[in-house]
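Shown next, in C-alpha cells, is the structure this report addresses.
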Amino acid sequence: MAHPHRPRRCLRATALACAALTLCLLSAGCAEYGDGDAMARDDAAAEAKSLNKSLGHRSRARDAEYIAATEILEPANGGTSNVRREPLAWSGRTTGSEQATIDVRFVATVEEGEVNTFGDVGNSAGQATRCYRYLMQLYRYTSFEEIDCPSVATPPVPTAAPIPTLPDDARDRLTAALRTATPDTLAGRVRAAFPEKHVIVDTVTHENALVAAVGVPAERACLLLVRTPDGAIESPAYDRIWLEPGEMGCRTGLYVSPPR
C-alpha cells in the first residue's frame, strides 16, 4: 500500500530523487519511511534519560525549586536539541532523609526528512509529549519514572533563591581582621567582620600565631588564614575532603591539628 506522504514528496522532489526513491522501494534492503511521531517519542525518552544522568548523585542540600531552575531549565550536555524541557511541579528538598520531587514535561519536535539519492527514504514530521517524575535524596542517585502528563497549558517558572556562601570579599575581610587583632580580640574582630548568620567562625592562638577559619559548612566553603608571629598572612593548604560531612569541617584544626 502506498504511503500517503510519498506522492506529495515526489511532487516536490527532483526527478533524480524520485527515481532513487522508487529504486529504494524495490530493493529488499531499503529502510522504511520514518514515522516522525515515533521518532519524537524516542527523542523525548532519550532526553529524559539524559536529564536523569545529569541530575546524578546529590551531594548538596537544595530545595526542589532551586534544582528545577538551575538544572532542568537548561539543556544537559549532550541532550537532544529538538526537545524542550518544561518543569511542571516541584516539592520537597534534598536534606537529611527528605526527598525532592520534580515533574518534567518533554516536548519533542521532528522535522520532515528529505528523500535523497543515497537510499535514505526520510521521515514524516512529528511531535510527541512525555512526562517524567524525578526523585532526589541527599547522598543518593536520582531516579525517574514516566507519568501521565497533566493538562498544564502554561507551566510555572521556577526561580532560584541565592545559595548562602562566603561573601566575595571574605579574604579581604579576614585579612584586615587578622592584621589588627591581638590574642584577646581575635575572636571578636573576626566575628564582627562576618556578621552573616550563615557564616561560622572559629579562631585560636597557636604558638604565637593567630589562626582563623570562616565558612559555610553546608556548601563546604571555607577560608583558613594564619597571621604568623612575624606578621605575615598565610593561607595554609589542606585536603578539602576534611570539609565533607563527618570530617573535621571548617575549623582551625585544619591548621593546628590536621587529620593524619
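The values are calculated or read from the model by the stated rules, or taken from the named source; none is laboratory data. As the structure is a prediction and not an experimental result, all values here were calculated from the model. All Cβ positions, glycine included, derive from the backbone under ideal geometry; neighbour counts span all protein chains shown. Side chains are part of the model used for accessible areas, which takes the heavy atoms of the whole protein and leaves out ligands, DNA and RNA. Shrake-Rupley method; radii C 1.70, N 1.55, O 1.52, S 1.80 Å.
Annotations
- Listed residues Ala181, Thr154, Ala193: farthest to the positive end of the dipole of region 143-194 (Cβ charges): Ala181
- Sparsely packed loop sites in region 158-260 (the GluC sites (Glu not before Pro) outside DSSP H, G, I, E and B with at most 11 other Cβ atoms within 10 Å) comprise Glu207.
- Residue-wise HN-Hα coupling along region 125-140, computed from phi with Karplus coefficients 6.51, -1.76, 1.60 (Hz; x: Gly, Pro): 5, x, 8, 8, 10, 9, 10, 9, 10, 10, 10, 10, 9, 4, 6, 10
- Placing +1 on the Cβ of every Lys and Arg and -1 on the Cβ of every Asp and Glu, with nothing else charged, gives region 86-234 a dipole about its Cα centre of roughly 780 debye.
- Applying both filters, DSSP loop and at most 16 other Cβ atoms within 10 Å, to the trypsin sites (Lys or Arg not before Pro) of region 153-206 gives Lys197.
- For Thr185 and Thr95, the difference between the fully extended length at 0.36 nm per residue and the C-alpha to C-alpha distance is 28.8 nm.
- Inter-site label distance for Asp230 and Gln127 at 7 Å from Cα along Cβ, in nm: 7.3
- Surface per residue (accessible, 1.4 Å probe) for region 166-260, Å²: 54
- Spherically averaged projected area in nm², based on the convex hull that wraps the Cα atoms of region 107-251: 16.7
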